[in-house]
Amino acid sequence: MIKRILSKIKKQNLFPYLFLLTANIAVLYFFRESLITSFFQDDWYSLTISKVARYSDLVNFFRPDKQVVYYRPLGMQLPFFINTLLFNINPLPFRILTFITHGINSFLVFLLFKRLLKSYFSSLMAAFLYVTSGINYIPFFWSSTFAFILGMTFSLLTIIYFLDFLDKQQLIKFYLSLVFFFLGLLTFEVITVLPVILAVYVCLFKFRQKFSFLFPFFFISFFYLAFRFIFFPPPDIPDYHVSLGRQTLQNFKYYFLWSFNWPEEIKNQFIKFWQVNPKFIREFRNFYDAFRLSLVVNLFLLFVLPVILAVFKKIKINFPVNIFAIIWFVSGLLPVIFFPRHTFPYYLPLSFIGLLLFFLPLLQQSVIYLSRKFNLIQFIIQLVLMINWLWSVSMLTEFNSLIHWAPRRGRLSAKLIKTAKYRVTFPYQSFVFLANPDSETRLSLNDQDALRIIFQRDDLKTIYTSKNFVGYRL
């Protein structure tokens with residue numbers, strides 16, 4: 001019976017789908033807490049700017065807002081509008097949409113790596129490592145960053161169709177790539193670096209192709225940046241002040257560690273470039289040791305072992321792919337790497353593809369060589385890597401559930417809203433809520449936005465004070 005099932009799976013080539021389905025089930029398990037977390041912080045602002053009186057007002061979603069640095073109408077306003085239209089102010093459908101979109105991305109990563117590396121093994125590993133990575137933690141909790149999930153969908157489709165166009169010379173593939181690139185620009189700003197990545201690929205691997213096909217991508221990207229920063233410049237606040245030098249290297253360090261499932265909090269715990277706060281180590285010894293050990297295992301399998309084999313056994317290393325991967329990783333971070341006060345793991349997904357593209361060909365060559373000596377080595381290495389990776393993700397989610405601001409503010413927001421609904425038990429004309437003056441409360445409710453959305457009253461006031469006077473105390 002089991003042999004017949006396995007034979008059918010192999011015959012119909014169902015294994016990639018079952019493998020990716022299993023990986024996505026693991027993601028659902030690791031990030032399950034997000035399914036019961038309320039909207040919070042910028043989610044309330046997104047709900048505010050997603051309200052329309054008439055369907056003709058939808059065009060306002062595409063007008064840049066001078067009060068914010070981002071422009072994400074397809075990644076913020078439109079999804080929040082549709083979610084509210086269909087499900088009212090219910091975060092669960094939004095969270096389910098995030099999981100589904102992320103699952104689609106895992107399959108797109110698999111397809112992309114099949115085109116880039118022509119390797120079944122590397123493609124499956126890339127999809128697995130990408131979909132289960134801890135860099136995606138925040139978007140599952142914070143729906144305002146759904147743009148970074150949907151944006152990756154458009155980015156991956158842009159690259160896949162462009163590669164297909166280069167191989168098959170079908171103009172429809174080129175136009176589809178261009179369409180998805182344009183949609184990506186309306187979703188998240190990181191995609192502006194994609195023309196650079198495509199140009200480097202053509203230079204290294206398709207140098208006989210005409211570079212003129214890249215011009216529309218560069219033109220659209222340049223026009224987008226010029227329009228955004230000349231006519232609608234970002235706010236002049238400390239978070240977006242550019243800094244070069246040592247702080248840039250610090251940022252690269254953070255993004256590298258986050259790529260291997262280290263917690264976001266680690267950026268606040270370095271007292272020197274490589275020295276971590278001893279108090280943090282004492283208080284979270286088990287977590288810190290787990291993060292270090294998992295990093296050592298990952299780097300040994302993905303880098304140290306291949307280098308040893310390359311030096312002593314002369315295994316083949318594809319240097320053009322490695323160069324392309326490094327440029328991809330750095331290019332993906334260009335929109336954010338020079339902002340030392342604005343660093344978050346959710347900026348990593350596009351760059352993370354470059355990191356996987358660097359390490360997985362090295363791992364593949366190691367496996368090919370060692371498999372000649374030991375028949376089961378591919379299975380063993382793959383199993384160790386996946387178990388170690390899932391262990392680090394498990395430790396990350398457990399650590400984040402204790403101290404990370406996203407689940408904490410989500411829980412606080414739900415508690416305050418529940419209290420507010422309980423307090424208001426009779427008809428009213430206007431009213432005031434009194435909330436604690438601490439920053440967590442204000443951030444969770446996004447100042448005035450949350451309760452105005454809940455009660456559909458723009459004249460409602462939330463006063464953050466410890467004093468008591470007329471109003472509903474939260």
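At 222 nm, what value in deg cm²/dmol follows for the chain if DSSP H runs of at least 4 each add -39500 (n - 2.57) and the sum is divided by all its residues, to the nearest 500?
On the way: 21 runs with 291 residues, N = 474.
-20000 deg cm²/dmol, from helical runs alone.
Taking square-rooted eigenvalues a ≥ b ≥ c of the alpha carbon gyration tensor, is region 132-193 rounded, prolate or oblate, where a/c under 1.5 means rounded and, failing that, a/b exceeding b/c means prolate?
Working: a/c = 3.62, a/b = 2.21, b/c = 1.64.
Because a/c hits 1.5 or more and a/b exceeds b/c, region 132-193 counts as prolate.
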Evaluate Rg over Rh across region 342-474, taking Cα atoms for both radii and Kirkwood's formula for Rh. 1.30
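What order, most packed first, do the peptides 160-167, 86-93, 116-123 have when packing is the mean number of other Cβ atoms within 10 Å of each residue?
Numbers: 160-167: 19.6, 86-93: 13.4, 116-123: 17.8.
Top of the packing list down: 160-167, 116-123, 86-93.
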Output ³J(HN,Hα) for region 216-224: one whole-Hz value per residue in order, computed from phi by the Karplus curve 6.51 cos²θ - 1.76 cosθ + 1.60 with θ = phi - 60°, and x for Gly and Pro. x, 5, 5, 5, 4, 5, 5, 4, 4
One checks the Cα atoms of region 111-264 and finds Rg and Dmax, in Å, of 17.4, 48
With just the Cα atoms of region 343-419, tell me how far they stretch along each of the three principal axes, in Å, largest first. 65, 24, 16
Measure nothing but the geometry: give the 0 to 90° angle between the long axis through the Cα atoms of 405-423 and the longest principal axis through the Cα atoms of the chain, rounded to 10°. 30 degrees
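Most exposed first by the Cβ proxy, i.e. fewest other Cβ within 10 Å, how do 115, 452 rank?
The fewest-first ordering by Cβ neighbours comes to 115, 452.
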Mean projected area, convex hull of alpha-carbon positions in region 91-167, reported to one decimal in nm², is 4.9 nm²
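Using only the alpha carbon atoms of region 17-147, find the Kirkwood hydrodynamic radius as the inverse mean reciprocal pair distance, in angstroms to one decimal. It would help to have the intermediate numbers written out before the result.
Details: mean 1/r = 0.0620 Å⁻¹.
Kirkwood radius, region 17-147: 16.1 Å.
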Using each residue's phi in region 252-261, evaluate 6.51 cos²θ - 1.76 cosθ + 1.60 at θ = phi - 60° and report the 3J(HN,Hα) Karplus result to the nearest Hz, with x for Gly and Pro. 4, 4, 4, 5, 5, 5, 4, 4, 10, 6
Projected-area mean, region 13-403, by convex hull of Cα positions, square nanometres: 21.2 nm²
Could you give the dipole magnitude of the chain about its Cα centre, charging the beta-carbon of Lys and Arg +1 and that of Asp and Glu -1, in debye to the nearest 20? 1300 debye
Can you grab the distance from the C-alpha centre of region 265-322 to the C-alpha centre of region 63-128, Å, no decimals? 29 Å
Explain nothing, just compute: Karplus ³J(HN,Hα) = 6.51 cos²θ - 1.76 cosθ + 1.60, θ = phi - 60°, for every residue of region 309-320 in order, whole Hz, x for Gly and Pro. 5, 5, 6, 9, 10, 6, 5, 7, 10, 8, 5, x
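How much net charge surrounds residue 284 when only the other residues with a Cβ under 11 Å from the Cβ of residue 284 are counted, with Lys and Arg +1 and Asp and Glu -1? All intermediate terms of the calculation are to be shown ahead of the outcome.
Details: positive: 279, 282, 285; negative: 265, 283, 289, 398.
My count for the surroundings of residue 284 gives -1.
Net charge within 14 Å of residue 372 by Cβ-Cβ distance, Lys/Arg positive one each and Asp/Glu negative one each, not counting residue 372 itself? All intermediate terms of the calculation are to be shown ahead of the outcome.
On the way: positive: 313, 314, 316, 373; negative: none.
For residues surrounding residue 372, the net value is +4.
What's the exposure ranking of 220, 197, going from fewest to most Cβ atoms within 10 Å?
Details: 220 16, 197 23.
Neighbour counts put them in this order, fewest first: 220, 197.
Return the Rg/Rh ratio of region 279-326 with Cα-based radii and a Kirkwood Rh. Present the calculation step by step, with values, prior to reporting the outcome.
Numbers: Rg = 16.0 Å, Rh = 13.0 Å.
Rg/Rh for region 279-326 comes to 1.23.
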What order, most packed first, do the peptides 379-386, 101-108 have when packing is the mean number of other Cβ atoms within 10 Å of each residue? 101-108, 379-386
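Coordinate-derived values only; no laboratory data. If you're wondering where the values come from, they're calculated on a predicted model, not measured in any experiment. Glycine gets a Cβ as well: all are built from the backbone with ideal geometry, and neighbour counts include every protein chain shown.
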